[in-house]
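The values are calculated or read from the model by the stated rules, or taken from the named source; none is laboratory data. Worth saying up front: this structure is predicted, and the values here are computed from it rather than measured. No Cβ is skipped: glycine too gets one built from the backbone with ideal geometry, and neighbour counts run over all protein chains shown.
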Amino acid sequence: MNRRKFTKDVSKLVSTGIVLSSGQFMAACDNDDGVAPEGTLSLQIEEEAELVVGENFAIKWVSSGIEKVDLAYKIDQAANYLTFQREVDANTGQFDFTVPNNINGTTLTFRISNSVTGDVLAEGSPINLIFKWLISLSETEALNNVGGFVKITEVNNPFIVRKTGADSFIALSLVCTHQGCVIGVEDNGSFRCPCHGSTFTDAGAVTQGPAERPLDNFRIEQPDADNLVIYYF
Ligand code: FES
């Protein structure tokens, strides 16, 4: 299965960590004797990074003068971080993290700490979690004909999958972009929100406000003739 390929262009990398100058580090991490331990670390995470549940994600960093690090994440705005790996050799500059299948949230934020001192060395920005929904076309009669659709409602953010052509499909969020009500499907395939009347075309474009933003359009892959994979969030 193909995943979205991220560029290897270093110019697209952004440092989301806390890059500490020696002065900042001393202020934050003085030892009892007043001597700051040497060492810096910054996370290197691509701007468009996303975390696909069940797949690997390479957590990368650049460090100097650090021996071992502990890795942790928090879900959404959780108060506490969960340490998932201890004493990683900092010189490797990377850890291949598998996003847990049972995770429940919208974002993960990574944090890296010094294994010896416990000091937090870097904390990233929240990264979006992407979930996968599998559809067998041979078992989904509604998707046999152009215009046919199925609603997936047993998820936090319901969505619709519609057959738009002989070999094409579209997956759209059913969550209104105004204030989050679940929208309904009209007979002609367009959408109407029951809360404040926003309407959208069958492709998700706004035709009447107050919504200002189109419906989220989820990525679809077809690994073989029978199966669709929808990457939703
Ligand atoms: S929530 Fe849909 S129009 Fe307001």
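The table for this structure:
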{"item": "Unmet criterion (only one of (1) touching a residue at least 40 places away in the same chain (Cβ under 8 Å); (2) surrounded by fewer than 16 Cβ atoms within 10 Å (Cβ to Cβ); (3) within 16 Å of the ligand (Cβ to nearest atom)) for F159", "result": "(2)"}
{"item": "Tally of residues being touching a residue at least 12 places away in the same chain (Cβ under 8 Å), within 11 Å of the ligand (Cβ to nearest atom) and farther than 20 Å from I130 by Cα across the range 167-193", "result": "6"}
{"item": "For H196: the one exception among (1) within 16 Å of the ligand (Cβ to nearest atom); (2) crowded, with 18+ Cβ neighbours inside 10 Å", "result": "(2)"}
{"item": "Tally of residues being of a type in the set (A, V, I, L, M) and touching a Lys or Arg at 6+ places or on another chain (Cβ under 9 Å) across the range 87-113", "result": "3"}
{"item": "Residue within the range 90-97 that is at pLDDT below 95, in contact with a Leu (Cβ under 7 Å, 6 or more places away or on another chain) and surrounded by 14 or more Cβ atoms within 10 Å (Cβ to Cβ) present", "result": "no"}
{"item": "Single condition A142 does not satisfy, out of (1) among the hydrophobic types (A, V, I, L, M, F, W, C); (2) free of Cβ contacts under 8 Å to residues at least 24 places away in the same chain; (3) in a loop (DSSP other than H, G, I, E, B)", "result": "(3)"}
{"item": "Count - residues of the range 189-215 that are at pLDDT 95 or above, of a type in the set (D, E, K, R) and within 26 Å of the chain's Cα centre (by Cα)", "result": "2"}
{"item": "Selection status of A225, surrounded by fewer than 13 Cβ atoms within 10 Å (Cβ to Cβ), touching a residue at least 40 places away in the same chain (Cβ under 8 Å) and not basic (K, R)", "result": "yes"}
{"item": "Check on R213, assigned by TED's automatic domain parsing to the domain that holds N145, free of Cβ contacts under 8 Å to residues at least 12 places away in the same chain and either over 16 Å from A171 (Cα atoms) or of a type outside the set (F, W, Y) (or both)", "result": "no"}
{"item": "Subset of the range 79-107 (residues that are in a loop (DSSP other than H, G, I, E, B) and touching a residue at least 24 places away in the same chain (Cβ under 8 Å))", "result": "Y81, G93, V99, P100, N101, I103, N104, G105, T106"}
{"item": "Subset tally (residues that are part of a strand (DSSP E or B) and within 16 Å of the ligand (Cβ to nearest atom)) for the range 199-233", "result": "5"}
{"item": "Residue check, T164 away from the ligand (no atom under 11 Å from the Cβ) and within 22 Å of the chain's Cα centre (by Cα)", "result": "no"}
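Here's the yes/no breakdown for (1) among the polar types (S, T, N, Q); (2) in the same structural domain as D224 (by TED's automatic domain parsing); (3) over 26 Å from R213 (Cβ atoms):
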| position | (1), (2), (3) |
| --- | --- |
| S115 | yes, no, yes |
| V120 | no, no, yes |
| S136 | yes, yes, yes |
| G148 | no, yes, yes |
| R162 | no, yes, no |
| A166 | no, yes, yes |
| F169 | no, yes, no |
| L172 | no, yes, no |
| N188 | yes, yes, no |
